[in-house]
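J.: Let me give you the structure first, and then I'll get to my questions.
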Amino acid sequence: MQSGSVSSQGKIIKQRKANKLLRTRNTKNGLEVLEKLLQTCNLSEVVVRRGTKCKSHLQGKPRRSNFIGVSKNGEVWQSLIMIDKKKTYIGSYATEEEAALSYDFFAILLKQFSANTNFDYTAIQVKRMVENYKDNEYELIPSSLLQ
């Protein structure tokens, strides 16, 4: 698989352009801090609690998602996050859940355990996300985490 691409049953959906904001010092420092925090916690403990999306955003429009940072773009779901006061594209994914998971990872990376996420995460789940990110040349492949 090419770096920066997302696969749905072996087929590339869209290759992401190299995004400088996703490789900023915020994410590099966030990764180091997150790894240090994970060493100090109980692995079965829930370290990140799910946030809630504003109720006005849950009105059932076709491009809207029930997840934070996720919207529909044509046939695929995309995730975006705010970094340095700029909306930053993370990637396009086959399912809404994969897009939500990728948003959550970058939210945790930037804000550690105070992040507003779509799901609850234990320390072991966050650790697996970090390992996935590092093993895939600093690209998160959420489909492998959902299996």
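J.: At 1.4 Å probe size, what's the solvent-accessible area of residue 140? Round to the nearest 10 Å².
T.: 10
J.: How far is it, in nm, from the label point at residue 39 to the one at residue 66 when both lie 7 Å from their Cα along the line to the Cβ?
T.: 4.0
J.: Averaged per residue, what accessible surface does the stretch 72-147 expose to a 1.4 Å probe, in Å²? All intermediate terms of the calculation are to be shown ahead of the outcome.
T.: Details: 3590 Å² over 76 residues.
Spelled out: the 1.4 Å probe surface of the stretch 72-147, per residue, equals 47 Å².
J.: Give me the aspartates and glutamates in straight-line cross-link reach of residue 134: C-alpha distance below 18 Å, same-chain residues under 8 apart excluded.
T.: Answer for residue 134, where 18 Å is the Cα cut-off: 32, 35, 98, 104, listed by chain and number.
J.: Follow-up question, since we're still on this one. State, to one decimal in nm, how far the label point of residue 28 lies from the label point of residue 87, with both points 7 Å from Cα in the Cβ direction.
T.: 2.8
J.: As a quick test, which of the pairs 28/72; 28/85; 86/127 have an alpha carbon distance above 21 angstrom in this structure?
T.: The pairs that break the limit, which is 21 Å between Cα atoms, are 28/72; 86/127.
The values are calculated or read from the model by the stated rules, or taken from the named source; none is laboratory data. Remember, it's a predicted structure, so these values are computed and weren't measured experimentally. Using ideal geometry, Cβ is built from the backbone for each residue, glycine included, and neighbour counts are taken over all protein chains shown. Remember, those area values only see protein heavy atoms, side chains included, never the ligands or the DNA or RNA. Shrake-Rupley method; radii C 1.70, N 1.55, O 1.52, S 1.80 Å.
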